[in-house]
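The values are calculated or read from the model by the stated rules, or taken from the named source; none is laboratory data. Please read these numbers as outputs of a predicted model, since none were measured by experiment. Reconstructed Cβ throughout: ideal geometry from the backbone, glycine too, with neighbour counts over all protein chains shown. These accessible areas exclude ligands, DNA and RNA; they are computed on the full protein's heavy atoms, side chains included. Shrake-Rupley method; radii C 1.70, N 1.55, O 1.52, S 1.80 Å.
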Amino acid sequence: SGMFGTAYNLFTLTVERLIASIIVDRYENLCNNFPLLGILLFLAHWSISTSIMYLSYQDIISNEVLIISILTSVILSIILFALLPRISEYVYKRQMDQRFGSVRRYQSIENLRSATV
């Protein structure tokens with residue numbers, strides 16, 4: 001059952017980084033008082049993992065479908081993660097052109113730096 005929970009971790013982390021890169025100006029204050037984004041990502045991750053685990057254990061879906069689901073998640077995560085530096089660079093350049101404040105520029109630089117690692 002641990003495999004079901006960890007199979008979608010990379011996708012969840014990639015989605016969080018994409019959100020951080022795309023909405024740089026609002027990300028830091030998005031869930032300042034209440035971590036709504038983290039909770040939503042956790043619930044989505046947990047719901048998908050638990051649902052697939054249940055369907056697999058009840059023999060509602062076959063092992064082939066399970067493997068395809070996991071592989072699709074991993075492949076999609078790799079593609080999104082590969083695009084992350086380009087997205088971060090695009091947002092960084094856009095913010096440099098629009099002369100945003102130093103906090104936004106710093107956050108864009110940090111997103112770009114973390115995306116290229």
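Figures for the structure shown
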{"quantity": "List E64, E16, E28, E89, ordered by accessible area with a 1.4 Å probe, largest first", "calculated": "E64, E28, E89, E16"}
{"quantity": "Ratio Rg/Rh, restricted to region 55-94 and using Cα atoms, in which Rh is the Kirkwood radius", "calculated": "1.35"}
{"quantity": "Region 10-94: projected area of the alpha-carbon convex hull, averaged over directions, in nm²", "calculated": "6.2"}
{"quantity": "Gain upon complete extension [K93, L37; 0.36 nm per residue less C-alpha separation]", "calculated": "17.6 nm"}
{"quantity": "Extension gain from L71 to I19, taking 0.36 nm per residue of separation minus the Cα-Cα distance", "calculated": "16.5 nm"}
{"quantity": "Efficiency of FRET between F81 and N29 - r from beta-carbon atoms, R0 22 angstrom, step 0.05", "calculated": "0.30"}
{"quantity": "Per-residue SASA entry for R17, accessible area with 1.4 Å probe, Å² rounded to 10", "calculated": "60"}
